[in-house]
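A quick write-up on the structure given underneath.
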Amino acid sequence: MFLSDLDKKIIREIQTDLSITPEPFLEIARRLDIPEETLLSKIQDLIDNGYIRRLGATLRHRRLGINANAMSVWMGSHKEVERAGTIMASFKEVTHCYERCTLPAWKYNLYAMIHGKTKEGCFEIARRISERTGLKEYKLLFSTEEFKKTSMEYF
Amino acid sequence: MYASAQTVVRPCSENKLLISELETNSCPFLKKSIYGWTLINMDRLDKDILNRIQSKFPVTSRPFKVLGEEFSISEAAMIRRVERLVSDGYIRRLGASFDSKRLGFTSTLCAARVPSEKLEDFVDVLHSYQGITHNYRRVHEYNIWFTFIGESKEEILNNLADISKKTGIRDILNLPAKKSFKINVEFEI
């Protein structure tokens, strides 16, 4: 599926906030001067083709009691990382998990964002991950200040 | 098309949140009781709604009517509850999240070693780039960690070079992903 100019206009509309009114999509359709049914089917296409990862509410999880946020970084061979990444992804407390490039100043190559209610809880999850994956060399980097957290504006 | 990084400047203070404040008793959204921390102004139905609407928002003409039916409440009641969850700050945004790679963009994670006296200036410069969507201070010698989304690797590299030039901070690690194992930012409340 190739993104048309209309698709990009739709993306621009739905990457910010939907209005919390009875007919939020109709409002967008009117702005774009297209029938609502066209808009709904285009959005469904964007979802079905994997352009939209998720349509819904993004929470302020810290306000909901999920206060501790640790970036755990791990070291392993490429083969170990392949297996460990899959295991880490199965933890519900892990929201993001990536294998990343290394640099001479930075040897960690596997990352898992751990969300918990407390710091101790995060350490406990990391300990369980270590046990399950066999990776022994890791660090938890806790955030102390959130300078910015926004969603990307595309197009 | 994509707004160039230089043209969009956002004040960083709006999004700045001192986590230490939230971790103490001063957090206005949490109340300590003999049962532990509980959320103020929220009942079980609110929590169930939050668990439901983090994904698969109905792509239909009357989405709040459909959601209301799922919980046996009226469309108007569903709208009132979601409005309140937004105004109380539990919901940051209601909309679509995209696969940036699928849209033709590229993203990376960067880490910088910034002395405390240069921190404010460095963060201000970072936030003048629209593609920097997340930025945290972390307890490590690499103390600033941010994500950078751009139209190409070259654009990101050029912007990182510019940031070094503008701020005098040379020690910035660029750590692009080789493989993604998981992205799922849904929380069970």
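Brief remarks on what is shown
- Restricted to region A:99-155, and to residues there that are of a type in the set (Phe, Trp, Tyr) and touching a Leu at 6+ places or on another chain (Cβ under 6 Å), the residue that is farthest from residue B:175 (Cα to Cα) is A:154.
- A search for C-beta distances below 7 Å between a residue of region B:65-80 that is on the phi < 0 side of the Ramachandran plot and any residue that is part of a helix (DSSP H, G or I) and aromatic (Phe, Trp, Tyr), counting only pairs 6+ apart in sequence or on different chains, returns B:75/B:64; B:78/B:64; B:79/B:64.
- Just one of the listed residues (A:47, A:10) is among the aliphatic types (A, V, I, L, M), free of Cβ contacts under 8 Å to residues at least 12 places away in the same chain and part of a helix (DSSP H, G or I), namely A:47.
- Scanning region A:63-80 for residues that are within 12 Å of chain B (Cβ to nearest Cβ) and touching a Ser or Thr at 6+ places or on another chain (Cβ under 9 Å), we see that the one that is nearest to residue B:87 (Cα to Cα) is A:65.
- Flag for residue A:154 being surrounded by 15 or more Cβ atoms within 10 Å (Cβ to Cβ) and without any contact (Cβ under 8 Å) to a residue 60 or more places away in the chain: no
- Filter pass, residue A:141 being farther than 30 Å from residue A:11 by Cα, crowded, with 19+ Cβ neighbours inside 10 Å, facing chain B (nearest Cβ under 10 Å) and touching a residue at least 60 places away in the same chain (Cβ under 8 Å): yes
- When region B:108-126 is filtered for residues that are within 24 Å of residue A:98 (Cα to Cα) and buried (at least 17 other Cβ atoms within 10 Å of the Cβ), the ones remaining, listed by number, are B:108, B:109, B:110, B:111, B:112, B:126.
- Criterion violated by residue A:69 - all others in (1) part of a helix (DSSP H, G or I); (2) touching a residue at least 12 places away in the same chain (Cβ under 8 Å) satisfied: (1)
- You will find that of A:112, A:126, the residue that is of a type in the set (A, V, I, L, M), assigned to a helix (DSSP H, G or I) and in contact (Cβ under 8 Å) with a residue 40 or more places away in the chain is A:126 and no other.
- Matching entry among B:104, B:68, B:150 (being surrounded by 17 or more Cβ atoms within 10 Å (Cβ to Cβ), small (Gly, Ala, Ser) and over 30 Å from residue A:22 (Cα atoms)): B:150
- Any hit, region B:124-134, residues being more than 10 Å from chain A (Cβ to nearest Cβ), in contact with a Ser or Thr (Cβ under 6 Å, 6 or more places away or on another chain) and not basic (Lys, Arg): yes
- Residue within region A:111-131 that is under 30 Å from residue A:7 (Cα atoms), modelled with pLDDT of 90 or more and more than 7 Å from chain B (Cβ to nearest Cβ) present: no
The values are calculated or read from the model by the stated rules, or taken from the named source; none is laboratory data. Since the structure is predicted, the reported quantities are computational estimates derived from the model, not experimental observations. Ideal geometry is used to build each Cβ from the backbone, glycine not excepted, and the neighbour counts take in all protein chains shown.
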